[in-house]
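> I have a structure I would like to understand better, so I am pasting it below and will then ask my questions one at a time.
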Amino acid sequence: MIYTTLPHTTLEVSKICLGTMTWGRQNTEAEGHEQMDYAIEQGINFFDTAELYPIPAHPDRYALTEKIIGSWFKKTGKRDKIVLASKIAGKANFTKFIRSTGFKKESLIEAVNGSLERLQTDHIDLYQLHWPERSTNYFGKRAYSHDLSDFWQDNIHQVLETLRELIKEGKIGHVGLSNETPWGAMRFLEESKVHKSLPRMITIQNPYSLLNRSFEVGLSEISIREKLGLLAYSPLGFGVLSGKYLGGAKPPNARITLFPAYGRYSNEIALKATQKYLDLANKHQISLPQMALAFVTSRPFLTSSIIGATSMAQLKENIGSIELNLSDELLKEIEAIHNENPDPAP
């Protein structure tokens, strides 16, 4: 395993982070425990979860993923071996059953306390805002459309004040963003620069893969210059970059087969690009998912790549990608495909 540190901290984390959002829906508690056992054996010490998980979000399954992680901590006693990240759900129609008050003070306190109880721990190392409260372009929206009727009162100072209180209480260690834009990232960073007692955002958890490199356009410079580390989610584009959906295939129990509404990474152009990446991987006699993951891991702005799996075979292959180094020739060929098919799945 390869390790780095969370920016602005002394916390050492694996370059591969174990994602958990299928546990409690596509995976049982026992399967989640098996994945955690294997991951830690392979040197992974960084787990990411959220109160929203598993997805799709549903009242009957609310926060089951955190409960599964909590039961593993209780069973194994290995909480001190893990750098743990979780998130508060943002405002959306599909999260109204959780709460509809966004990141107000009482909402943040309630969310953190609930996660601590379910995770059976007294602290969360990295606490993230799952997506912005304001209406902006995230979750597959390419362009920003300003809606004058959608009034949003800037409450970033208050959010950071509440997070500061939670840090002082020892309930969370550090804070991060997720699904954030360049404007939002800099707005948070500047607030903590002007008001130095406020906590600084240290990471940003956004999509990044061969099918979606939009992070490079504006956020990569912010990431490098401001040391705002990328935690890349969906590095395989919901499994599309395994190649298993090519040719119209619908593998049983696969995420997009089960949940066709999650078509963010499986449009026609993205599938055409995937075929080209598959041909390239075959040419170099390597697996497509390992090539895709190794590419993400190689980026200079990456802190950790969040992998997810529904089977142990997938998990083993994904973790094994850490041993793959891509040649300069292969990287140039990847760029050629990207230039022909730039960001087909925003």
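> Under a 1.4 angstrom probe, counting protein chains only, how are E340, E110, E333 ranked by accessible area, largest first?
E340, E110, E333
> Another question, then. Quick one: with all protein chains in place, what share of the accessible area of the stretch 236-321 is carbon or sulfur, to the nearest percent (1.4 Å probe)?
Roughly 55 percent of what the probe reaches on the stretch 236-321 is carbon or sulfur.
> Over the C-alpha atoms of the stretch 210-346, what are the Rg and the largest Cα-to-Cα span, Dmax, in Å?
Looking at the stretch 210-346, its Cα Rg and Dmax stand at 14.5, 44 Å.
> Once you charge only the Cβ atoms, +1 for Lys and Arg and -1 for Asp and Glu, what is the size of the charge dipole of the stretch 30-133 about its Cα centre, to the nearest 20 debye?
Charge dipole of the stretch 30-133: 300 debye, to the nearest 20.
> Let me ask another. Work the Kirkwood hydrodynamic radius out for the stretch 152-201: mean of 1/r over every pair of different alpha-carbon atoms, inverted, in Å.
Evaluated over the stretch 152-201, this radius sits at 11.2 Å.
> Hey, what's the Cα Rg ratio for the chain versus the globular rule of thumb, 2.2 N^0.38 Å?
Normalised Cα radius of gyration, the chain: 0.95.
> To the nearest 20 Debye, how big is the dipole of the chain about its Cα centre, given +1 on the beta carbon of each Lys and Arg and -1 on that of each Asp and Glu?
380 debye
> A further question on this structure: Sorted by packing (mean other beta-carbon atoms within 10 Å per residue), highest first, where do 59-70, 28-39, 137-148 land?
Highest to lowest by the protection proxy: 59-70, 28-39, 137-148.
> Can you show me the helix-derived [θ] at 222 nm for the chain, built from DSSP H runs with n ≥ 4 at -39,500 (n - 2.57) apiece and divided by the number of residues, rounded to the nearest 500.
The per-residue figure over the chain is -11500 deg cm²/dmol.
> Also, I was wondering about something else. For the peptides 171-178, 207-214, 312-319, what is the packing order when you average, over each peptide's residues, the other Cβ atoms within 10 Å and list the highest mean first? If you can, show how the numbers build up before the last one.
Numbers: 171-178: 22.6, 207-214: 24.1, 312-319: 17.1.
Going from most to least packed, we get 207-214, 171-178, 312-319.
> On alpha-carbon atoms, Rg over Rh for the stretch 17-139 using Kirkwood Rh?
When Rh is taken as the Kirkwood radius, the ratio is 0.96.
> If the cut-off is 22 Å between C-alpha atoms, which lysines fall inside it for K283, apart from same-chain ones fewer than 8 positions away?
K244, K272, K332
> For a quick size check, give me the Cα extents of the stretch 272-346 along its three principal axes, largest first, whole Å.
34, 27, 26
> As I understand it, the dipole of the chain uses +1 on the Cβ of Lys and Arg and -1 on the Cβ of Asp and Glu, about the Cα centre. Which of L6, Q275, T28 lies farthest toward its positive end?
Positive-end residue among those listed: T28.
> Next question. Toward the positive end of the charge dipole of the chain, about the Cα centre and with charges on Cβ (Lys, Arg +1; Asp, Glu -1), which of F259, T95, V217 goes farthest?
T95
> Considering amide H positions built from the backbone, and no H for Pro or chain starts, which residues 5 or more places from H174, or on another chain, come under 5 Å of its amide H?
Under 5 Å from the amide H of H174 lie the amide H atoms of L126, Y127, each far enough along the sequence or on another chain.
> Let me check I've understood the local charge: for E31, count other residues with C-beta under 12 angstrom from its C-beta, Lys and Arg +1, Asp and Glu -1. What total comes out?
-2
> Using θ = phi - 60° and the Karplus relation 6.51 cos²θ - 1.76 cosθ + 1.60, list the HN-Hα couplings for the stretch 249-257 in order, rounded to whole Hz, with x at every Gly or Pro.
After applying 6.51 cos²θ - 1.76 cosθ + 1.60, I find 5, 10, x, x, 6, 6, 4, 6, 5 Hz.
> For the chain, what does the accessible surface come to per residue with a 1.4 Å probe? Please give it in Å².
43 Å²
> Summing +1 for each Lys or Arg and -1 for each Asp or Glu, what net charge is found among the other residues whose Cβ lies under 12 Å from the Cβ of L160?
Net charge around L160: +1.
> Cα to Cα, under 24 Å, and not fewer than 8 places away if on the same chain: which lysines meet these conditions relative to K193?
K87, K104, K105, K168, K171, K227
> Measure off, as a whole percent, the carbon and sulfur share of the 1.4 Å-probe accessible area of the stretch 90-167, all protein chains present.
Numbers: 2000 of 4100 Å².
The C+S portion of the solvent-accessible surface of the stretch 90-167 is 49 percent.
> If you average 1/r over every pair of different alpha-carbon atoms in the stretch 73-196 and take one over that average, what Kirkwood value in Å do you get?
After inverting the pairwise mean of 1/r, the radius is 15.7 Å.
> Suppose a student asked you for the relative contact order of the stretch 1-129, using Cα pairs under 8 Å spaced at least 6 residues apart; what percent would you report?
23 percent
> Oh, and also: Could you tally the net charge around K272, taking each other residue with its Cβ under 14 Å from the Cβ of K272, Lys/Arg +1 and Asp/Glu -1?
-3
> Could I ask something else about it? Ranked highest first by average number of other Cβ atoms within 10 Å, how do 272-278, 42-48 line up?
For the peptides 272-278, 42-48, the packing ranking is 42-48, 272-278.
> Defining a contact as two alpha carbons under 8 Å apart and six or more residues distant in sequence, what relative contact order in percent does the chain show?
Reported as a whole number, the value is 18 percent.
> Enter the accessible area of W183 (Å², nearest 10), with the probe set to 1.4 Å and all protein chains included.
130 Å²
> So how strong a dipole does the stretch 101-154 carry about its Cα centre when Lys and Arg Cβ are +1 and Asp and Glu Cβ are -1, to the nearest 20 debye?
Numbers: 6 positive and 9 negative charges, 53 e Å.
Charge dipole, the stretch 101-154, about its Cα centre: 260 debye, nearest 20.
> Sticking with this one: Give me D for the stretch 173-262 in µm² s⁻¹, whole number, from Stokes-Einstein with Rh from the Kirkwood sum over alpha-carbon pairs, 25 °C and 0.890 mPa s.
Rounded, D is 164 µm²/s.
The values are calculated or read from the model by the stated rules, or taken from the named source; none is laboratory data. Here the structure is a predicted model, which is why all the values come from computation and not from measurement. As a convention, Cβ positions derive from the backbone with ideal geometry for all residues, glycine included, and neighbour counts pool all protein chains shown. Side chains included, ligands, DNA and RNA excluded: accessible areas come from the protein's heavy atoms. Shrake-Rupley method; radii C 1.70, N 1.55, O 1.52, S 1.80 Å.
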